[in-house]
1. Find all pairs meeting these conditions: Cβ atoms under 8 angstrom apart; at least six residues apart or on different chains; first residue within the range 77-101 and under 14 Å from LYS43 (Cα atoms) and free of Cβ contacts under 8 Å to residues at least 60 places away in the same chain; second residue aromatic (Phe, Trp, Tyr) and surrounded by 11 or more Cβ atoms within 10 Å (Cβ to Cβ).
2. Look at ILE79 and say whether it is surrounded by fewer than 19 Cβ atoms within 10 Å (Cβ to Cβ), of a type in the set (Val, Ile, Thr) and either over 22 Å from the mean Cα position of the chain (by Cα) or at pLDDT below 95 (or both).
3. Step by step: first the residues of the range 38-55, then only those that are out of contact with any Ser or Thr (no Cβ under 9 Å at 6 or more places or on another chain) and under 17 Å from THR94 (Cβ atoms), then the one that is surrounded by the fewest Cβ atoms within 10 Å (Cβ to Cβ). Which residue is that?
4. Determine whether the range 57-68 contains at least one residue that is at pLDDT 95 or above, of a type outside the set (Asp, Glu) and farther than 22 Å from ILE261 by Cα.
5. With the requirement that a residue be out of contact with any Pro (no Cβ under 7 Å at 6 or more places or on another chain), open to solvent by less than 60 Å² (accessible area, probe 1.4 Å) and closer than 24 Å to PHE85 by Cβ, what does the range 9-34 give you?
6. How many residues are under 22 Å from LEU184 (Cα atoms) and not in a helix (DSSP H, G or I) when one looks only at the range 245-274?
7. Can ILE253 be described as within 25 Å of ALA26 (Cα to Cα), open to solvent by 50 Å² or more (accessible area, probe 1.4 Å), out of contact with any strand residue (DSSP E or B) (no Cβ under 9 Å at 6 or more places or on another chain) and hydrophobic (A, V, I, L, M, F, W, C)?
Amino acid sequence: LGLIIPALTVNPIFYDVLVLVFMFTASYEMIRVISNRFAAPIKVCVYAQVVLGYAVFRVANFYGQDKWGISAMFASLVIMLVVCFVYSMFSKQTTVANVLSTLFIMVYPLSLLGYLLAINYLGAAYRGIGIIYAFGVTSLVDSMALFVGSMLKGPKLAPSVSPKKTISGAIGGLVGGLIGGLALYFLCKVNFLGLSLILDGTWPNVILYMLVGLGVSIACQAGDLIASYIKRYCRVKDYSNILPGHGGFMDRIDGVLVAGIFIFAFFWIFKIIV
């Protein structure tokens, strides 16, 4: 909140800072987790990709009128992959296995976080709404899933991946997404933090906001399961202990990673069509 509110009211750069914090901390945690089961990633290349990826993203957005940031970030990933291979050729401590571990982290979570960053460059009409979906609605999805799942229990959703998650909790998360979308509609209607409605008429907006909330919920829960699967496969309980009581940053943003892709893709297509 300390960075999101200033990003919405003062300067968008505060949101960039937030995502960069996620990029560095998530990279650190993923290096730790992947090293527990696979060849250790090349740390310097991972952190260099954070810096290079953000730099080319900003340059491409500036000269490409906010159109080419994601493409440029993926191009930088390819460049960094080549650098990793060259580095491994001349290093006695690294092999192709280390390069592949590095590539995995540059894709997950770094490339996914690139889409979260790109939400900030969707344009004035969409960026604030996208940010609230990414961090506000996903939080409500998690909370509703936990509340409903703990109260109703019932059959497990994916016991081999995450033993505590239930089907009732997943349904609760879907309801949370619908409620979150509806709540965001009312926030936009009262111009909260400068947010404004994006369609004419009440019901078109209500339906749109709730459907996007539902999509965010599905993506968020999928991201949560993916992160849980990686942890289980790498035989760790949490990604780190940086956040007491929560684990690591990856434990808090696992759903946001995938939700960010959906939010960016939806509004990017939506603004072209509309």
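The values are calculated or read from the model by the stated rules, or taken from the named source; none is laboratory data. The shown structure was predicted, so the numbers you read here are calculated from the model rather than taken from an experiment. Because the Cβ atoms are built from the backbone with ideal geometry, glycine has one as well, and the counts that use them run over all protein chains shown. For accessibility, only protein heavy atoms count, side chains too; no ligands or nucleic acids. Shrake-Rupley method; radii C 1.70, N 1.55, O 1.52, S 1.80 Å.
1. THR94/TYR87; ALA97/PHE38; VAL99/PHE85
2. Values: surrounded by fewer than 19 Cβ atoms within 10 Å (Cβ to Cβ): yes; of a type in the set (Val, Ile, Thr): yes; either over 22 Å from the mean Cα position of the chain (by Cα) or at pLDDT below 95 (or both): yes.
Here the answer is yes, as ILE79 does meet what is asked.
3. VAL44
4. no
5. MET23, SER27, VAL33
6. Qualifying residue count, the range 245-274: 1.
7. Values: within 25 Å of ALA26 (Cα to Cα): yes; open to solvent by 50 Å² or more (accessible area, probe 1.4 Å): no; out of contact with any strand residue (DSSP E or B) (no Cβ under 9 Å at 6 or more places or on another chain): yes; hydrophobic (A, V, I, L, M, F, W, C): yes.
No, not satisfied.
To keep it simple, each residue is scored yes or no on (1) of a type in the set (Gly, Ala, Ser); (2) part of a loop (DSSP other than H, G, I, E, B); (3) over 18 Å from MET250 (Cβ atoms).
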position: THR25; (1), (2), (3): no, no, no
position: MET30; (1), (2), (3): no, no, no
position: ILE34; (1), (2), (3): no, no, no
position: ALA48; (1), (2), (3): yes, no, yes
position: PHE57; (1), (2), (3): no, no, yes
position: ASN61; (1), (2), (3): no, no, yes
